[in-house]
1. May I ask you to order 266-273, 215-222, 85-92, 55-62 by the average number of other C-beta atoms within 10 Å around their residues, highest value first?
2. Round to a whole angstrom and tell me the spacing of the C-alpha centers of the range 17-40 and the range 219-233.
3. Mind giving me the nanometre distance, one decimal, between the label points for residue 186 and residue 160, set 7 Å out from Cα along Cα→Cβ?
4. With angles folded into 0 to 90 degrees, how steeply does helix 297-323 sit against the dominant principal axis of the chain? Use alpha carbons for both and round to 10.
5. If one takes the longest principal axis of the Cα atoms in the chain, at what angle in degrees, from 0 to 90 and to the nearest 10, does the Cα axis of helix 229-238 lie?
6. In whole angstrom, note down how far apart the Cα centers of the range 287-344 and the range 155-206 are.
7. Measure nothing but the geometry: give the 0 to 90° angle between the long axis through the Cα atoms of 266-278 and the longest principal axis through the Cα atoms of the chain, rounded to 10°.
8. Indicate the gyration tensor shape class of the range 8-322 (rounded, prolate or oblate), computed on the Cα atoms with a ≥ b ≥ c the square roots of the eigenvalues: a/c under 1.5 is rounded; otherwise a/b larger than b/c is prolate and the rest oblate.
């Protein structure tokens with residue numbers, strides 16, 4: 001049997017909010033006791049994680065005293081040193097507190113917008129205390145329930161102004177940090193601005209420093225609206241903007257479930273892992289998920305180990321797919337090229353256009369050709385189910 005245990009080069013990370021999730025939901029209170037950030041780091045050390053990420057208030061409670069802050073940071077750093085775990089990413093909680101009920105950067109109240117910038121600058125400083133290299137922005141409250149209440153165009157402008165301000169702050173402080181924007185279509189707002197990875201990519205192009213800003217796609221956020229997550233990841237990669245990624249699982253059309261990676265749609269998870277490994281994505285594989293409410297902390301460890309183990313199994317399956325002679329023979333046939341049309345592709349010229357317009361194609365024959373996609377898909381299923 002293969003060794004599916006995680007290794008540092010796999011760069012598997014979890015958030016304090018993931019393994020620290022206590023199992024509460026809108027219908028029931030917590031089922032697990034509170035654990036300190038240092039205790040959660042040690043839990044991640046036990047399961048073999050590479051890194052831990054945090055929102056500002058995951059680490060430092062929003063009402064903590066300076067003495068509390070110093071003690072928490074001291075204990076957290078000691079746990080990091082003890083386990084060898086690092087902090088690759090940090091972020092700001094701009095969604096939990098009542099002050100953000102109408103958004104943070106897009107709030108209609110300018111005092112709220114100013115407070116959101118202040119809170120984020122302080123949180124960036126906190127992330128830099130731990131040498132985080134990526135800073136994620138999820139606008140969980142940046143949206144509406146009724147479009148009577150807020151201008152969508154003005155909200156885009158406010159978002160742009162905030163991101164430009166914060167990019168300048170990072171440059172002014174000479175921080176080695178890049179931003180990653182995380183999209184979601186809805187929940188907790190009725191509708192959230194920049195709802196998909198594609199929206200975020202378009203928005204980034206309008207910023208003053210687009211080179212500093214990429215995306216952080218999340219499986220559940222695209223699947224909950226019925227989209228193909230791997231396609232969004234591929235678009236981000238092709239644009240040079242895949243700065244971070246959130247892995248979990250999700251049933252389409254439901255609330256944000258944050259299920260253990262690969263536990264629901266193993267085929268979609270396979271294509272995602274295959275893509276990341278094929279393009280040699282070198283960033284963190286961050287699991288933004290949480291254990292079932294039924295679990296104690298031993299179950300949380302099972303959950304964390306399961307996320308990493310599934311990724312490792314699918315990585316092996318991707319290598320098997322790439323090495324399978326029958327699979328590769330079908331792919332070669334599907335993509336066969338006799339070279340006769342090469343002269344028509346590439347950069348446009350008027351001569352090339354004239355030549356292409358004069359070319360004769362056998363439309364009927366082209367339409368009759370079978371592409372063997374059913375066979376190829378079944379070979380994929382055979383590999384995933386261990387029948388090959």
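1. Details: 266-273: 20.2, 215-222: 28.5, 85-92: 23.0, 55-62: 18.2.
My ranking of the peptides, most packed first, is 215-222, 85-92, 266-273, 55-62.
2. 26
3. Between residue 186 and residue 160, the label points sit 2.8 nm apart.
4. 20
5. That works out to roughly 80 degrees.
6. 30
7. It is inclined by approximately 80 degrees.
8. On the way: a/c = 1.36, a/b = 1.13, b/c = 1.21.
Here the range 8-322 falls in the rounded category.
Where a number appears in this text, it was derived from the coordinates with a stated rule and is not lab data. Every value quoted in this text rests on a predicted model; they were computed, and no experiment measured them. Cβ atoms come from the backbone with ideal geometry, glycine included; neighbour counts cover every protein chain shown.
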